[in-house]
Each structure stands twice: as C-alpha cells, then as structure tokens.
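First comes the structure, then the notes that go with it.
The values are calculated or read from the model by the stated rules, or taken from the named source; none is laboratory data. For clarity, every value in this text was computed on a predicted model and none was experimentally measured. Methodologically, a virtual Cβ is constructed for each residue, glycine included, from the backbone with ideal geometry; neighbour enumeration extends over all protein chains shown. Only protein heavy atoms, including side chains, enter the accessible area calculation; ligands, DNA and RNA are left aside. Shrake-Rupley method; radii C 1.70, N 1.55, O 1.52, S 1.80 Å.
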Amino acid sequence: MSKELLYKPGCMRTFSGQMIEVANPDPLQLYAIDIAVGLSRECRFGGHTKRFYSVAEHAMWCADRALELFPDKKYIAFKLLMHDAHEAYLKDIPSPVKSLIPAYEYLRANWDKAIELRFGLTPFHYHEEEIKAIDREALEWEFEHKFLNHHGIELPDHTRIDLFIQYFTKLCPVPHCLMP
C-alpha cells in the first residue's frame with residue numbers, strides 16, 4: 001500500500017481496508033469483521049483490568065443475558081451485541097473522560113445511526129430500558145469478576161473475534177457481508 005493511502009484527513013482505515021470518514025461514516029463501508037476485530041481488541045475499563053477483557057466479550061455477555069431474559073425477542077439480543085459497536089471505531093473511553101469530550105456524543109450518534117442502517121437495527125433508543133438494565137447488570141458483574149478479580153480464562157484474540165462473528169451471524173436480522 002502506498003503512503004498516500006495512509007493519510008486522508010478526517011478518515012480512519014479499518015481492519016478490512018475501508019477508509020471511513022470519522023464524523024460521517026457511510027453505512028455501506030461497515031462490515032462485521034471490522035466491528036469484531038475492533039471490539040475484540042478493545043479492553044473494558046480503559047484497560048485497567050487484572051487481565052484483558054474485551055468490549056466484544058462484554059457485548060456477548062449482554063446478548064446472552066438478553067436471550068435468557070427475552071428468549072422470544074432475538075432482536076434485543078442483537079441490539080445488545082451491537083450496543084457498543086461504535087467503540088470499534090471510537091474506542092472504549094471511560095464515562096468520566098467521555099463526558100469531557102464535547103464532540104463524542106455527536107460522533108457516537110453518527111456511528112450508531114450508520115450501524116443501525118447497515119445491520120437492520122431499529123434505532124437504539126427503542127428498548128432502551130431493557131438495554132440499559134442489562135448493560136448495567138453486565139457492568140456490575142464485570143466489576144466483580146473481571147476488574148477486582150479475574151475469574152475464567154483470558155480468551156486469545158482470534159477466539160474473541162471468531163466468537164463475536166458467530167454471535168453476529170446467529171443474531172443479525174438482515175443478510176450481510178462479514179467482510180468486503
């Protein structure tokens with residue numbers, strides 16, 4: 001790849017090679033593989049865990065919990081799998097820091113809209129109560145089991161990516177391409 005393709009103002013390159021405008025992402029440039037890789041390599045709690053615990057693992061925990069609570073509403077599980085998908089591009093920024101970044105909510109809203117359009121999600125604010133409750137439950141469980149202590153095994157990178165893709169494929173309501 002030539003260096004000219006590396007630098008494009010206001011854009012970022014993804015794992016699959018997409019050059020995406022950060023402030024205005026094109027839904028057609030979003031692929032499950034980029035989200036899976038980005039979230040699998042992004043550590044929860046700003047990286048301050050006993051061992052690596054990814055945002056992808058958090059999303060899968062939330063999806064599993066939604067399937068337990070709402071077995072007939074698979075779309076809620078998919079929304080929870082994707083509720084932090086924007087962090088594959090914008091990173092997992094701890095809430096106290098995020099609140100100090102004026103443009104973050106604008107960027108997050110643009111990414112969430114693009115993700116919703118691309119993957120057939122109704123807007124995230126539908127079922128917001130269920131999503132927030134499960135996300136909060138996950139946070140509390142993770143704080144005890146992944147932050148203060150680390151119970152379980154640390155999954156290798158490729159396993160986190162493969163597992164996220166399996167969840168995505170099982171839950172996504174629309175036909176999709178995993179990668180370009």
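Examine the range 69-76 for a residue that is surrounded by 16 or more Cβ atoms within 10 Å (Cβ to Cβ), out of contact with any Lys or Arg (no Cβ under 6 Å at 6 or more places or on another chain), part of a helix (DSSP H, G or I) and of a type in the set (Ser, Thr, Tyr), and state whether such a residue exists. Checked against the condition, which is being surrounded by 16 or more Cβ atoms within 10 Å (Cβ to Cβ), out of contact with any Lys or Arg (no Cβ under 6 Å at 6 or more places or on another chain), part of a helix (DSSP H, G or I) and of a type in the set (Ser, Thr, Tyr), the range 69-76 yields at least one hit. Restricting the range 48-66 to residues that are open to solvent by 40 Å² or more (accessible area, probe 1.4 Å) and assigned to a helix (DSSP H, G or I) leaves a set whose member that is farthest from ASP135 (Cα to Cα) is ASP64. Hey, does the range 80-87 have a residue that's open to solvent by 20 Å² or more (accessible area, probe 1.4 Å) and under 23 Å from ARG136 (Cα atoms)? Checked the range 80-87: no residue is open to solvent by 20 Å² or more (accessible area, probe 1.4 Å) and under 23 Å from ARG136 (Cα atoms). Of all the listed residues (ARG108, ARG51), the sole one being more than 23 Å from GLU140 (Cα to Cα) and in contact with a His (Cβ under 7 Å, 6 or more places away or on another chain) is ARG108.
Taken together, the residues in the range 104-152 that are among the polar types (S, T, N, Q) and open to solvent by 50 Å² or more (accessible area, probe 1.4 Å) amount to 2.
A single entry from LYS74, LYS79 fulfils the requirement of being of a type in the set (Lys, Arg), in contact with a helix residue (DSSP H, G or I) (Cβ under 7 Å, 6 or more places away or on another chain) and farther than 27 Å from SER16 by Cα: LYS74. I'd like to check something: does the range 87-97 contain any residue that is more than 13 Å from the chain's Cα centre (by Cα), touching a residue at least 12 places away in the same chain (Cβ under 8 Å) and part of a helix (DSSP H, G or I)? Among the residues of the range 87-97, at least one is more than 13 Å from the chain's Cα centre (by Cα), touching a residue at least 12 places away in the same chain (Cβ under 8 Å) and part of a helix (DSSP H, G or I), which makes the answer yes.
Among the residues making up the range 11-28, none is open to solvent by 40 Å² or more (accessible area, probe 1.4 Å), of a type in the set (S, T, N, Q) and over 15 Å from LEU90 (Cβ atoms).
Of all the criteria given as (1) touching a Cys at 6+ places or on another chain (Cβ under 9 Å); (2) within 20 Å of ASP157 (Cβ to Cβ); (3) acidic (Asp, Glu), the one not satisfied by GLU57 is (1). Checking each residue in the range 104-135 for being over 16 Å from the mean Cα position of the chain (by Cα), within 9 Å of LYS79 (Cβ to Cβ) and in a helix (DSSP H, G or I) picks out only GLU130.
Here is the figure for the range 164-174: residues that are open to solvent by less than 50 Å² (accessible area, probe 1.4 Å), in a helix (DSSP H, G or I) and not hydroxyl-bearing (Ser, Thr, Tyr) total 4. Return a yes/no flag: does the range 2-10 have any residue that is modelled with pLDDT under 95, aliphatic (A, V, I, L, M), over 12 Å from the mean Cα position of the chain (by Cα) and surrounded by fewer than 18 Cβ atoms within 10 Å (Cβ to Cβ). Yes, that holds for at least one residue.
For the range 18-33, residues that are in contact (Cβ under 8 Å) with a residue 60 or more places away in the chain and part of a helix (DSSP H, G or I) total 4.
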